[in-house]
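Accompanying notes for the structure given below.
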Amino acid sequence: MEQAYRENKVRAIGVSNYTTSHMQELLETCQVQPALNQVELHPFYPQNELHQLCSKSNVLIQAYSSFGEGSLLNPSSVYHQTLVQRIMQKVPDFNSQHLPHHLLHWALARNISVIPKSTTPGRIASNFEVFNVPVDEKIRDVMDQLLSDGLVKPIKFCWDPLSIS
Ligand SMILES: NC(=O)c1ccc[n+]([C@@H]2O[C@H](COP(=O)([O-])OP(=O)(O)OC[C@H]3O[C@@H](n4cnc5c(N)ncnc54)[C@H](OP(=O)(O)O)[C@@H]3O)[C@@H](O)[C@H]2O)c1
């Protein structure tokens, strides 16, 4: 990838599923720094340490599974129910219609790029409305603090790159 960059075949290079230790090792040895690291990231798996390291090193984080592969938006999922309960403790009149937008706001506010996925045209259009839905800082704070009391445990919805040494 570095060679392709040096030969002007690509404008930027990036990595995916790099953990903090993978990234530390890469930053110590690379000649061309990756522009981006695409990883699973959402309020149940906020990757704070990795986010800090990448921000400090000027590597953009791109979140996949912003919706927990759909679980965070599915009313029958315990993760959706937990998130909505926590939000309603602070915003009693919360309407979960805009939950996708608030999940995207949460990531964007941390300077994290997002790639929400849907195969449903109406949802794709609705997800693009993110910039027309007002940011609610109380909801963002709930998402920021979701794991802080230890009652809600971190959860990954995708595979675990920690298993790669
Ligand atoms: N680098 C990697 O290793 C890696 C790993 C996983 C994923 N990815 C990429 O990350 C992107 C994100 O995909 P993801 O699968 O992780 O999931 P995601 O964006 O967290 O969630 C996708 C799911 O959410 C549902 N959804 C989307 N918008 C919705 C809305 N407004 N209301 C209700 N449900 C909604 C979709 O259902 P419908 O389709 O039925 O609408 C789909 O089941 C994809 O491009 C994927 O290729 C990369």
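For ILE112, indicate whether it is within 19 Å of LYS156 (Cβ to Cβ) and of a type in the set (Val, Ile, Thr). Write out each step before concluding.
Working: within 19 Å of LYS156 (Cβ to Cβ): yes; of a type in the set (Val, Ile, Thr): yes.
Taking the combined requirement at face value, the residue satisfies it.
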Segment 11-51, subset in a loop (DSSP other than H, G, I, E, B) and farther than 25 Å from PHE67 by Cα, residue farthest from the ligand (Cβ to nearest atom): GLN31
Across segment 47-89, the tally of residues that are without any contact (Cβ under 8 Å) to a residue 24 or more places away in the chain and farther than 16 Å from MET143 by Cα stands at 7
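How about segment 63-78: which of its residues are within 11 Å of the ligand (Cβ to nearest atom) and either buried (at least 18 other Cβ atoms within 10 Å of the Cβ) or of a type in the set (Gly, Ala, Ser) (or both)? Steps first, please.
As a first pass, look at segment 63-78 and keep what is within 11 Å of the ligand (Cβ to nearest atom): 63-75, 77.
Hits for segment 63-78 are ALA63, TYR64, SER65, SER66, PHE67, GLY68, GLY70, SER71, LEU72, LEU73, SER77.
In segment 122-143, what residues are part of a helix (DSSP H, G or I), closer than 15 Å to VAL91 by Cα and either in contact with a Ser or Thr (Cβ under 8 Å, 6 or more places away or on another chain) or acidic (Asp, Glu) (or both)? Write out each step before concluding.
So the first thing to find is which residues in segment 122-143 are part of a helix (DSSP H, G or I), and the list is 122-132, 137-143.
After this cut, where a residue has to be closer than 15 Å to VAL91 by Cα as well, the list is 137-143.
Within segment 122-143, GLU137, ASP141 qualify.
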Kindly indicate whether any position in segment 153-161 is modelled with pLDDT under 95, in contact with a helix residue (DSSP H, G or I) (Cβ under 8 Å, 6 or more places away or on another chain), over 19 Å from TYR79 (Cα atoms) and surrounded by 10 or more Cβ atoms within 10 Å (Cβ to Cβ). yes
In contact with a Phe, Trp or Tyr (Cβ under 7 Å, 6 or more places away or on another chain), assigned to a loop (DSSP other than H, G, I, E, B) and not basic (Lys, Arg): does that describe PRO92? no
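The values are calculated or read from the model by the stated rules, or taken from the named source; none is laboratory data. These numbers come from a predicted model, not from an experiment. Please note: Cβ atoms are built from the backbone with ideal geometry, for glycine as well, and neighbour counts cover all protein chains shown.
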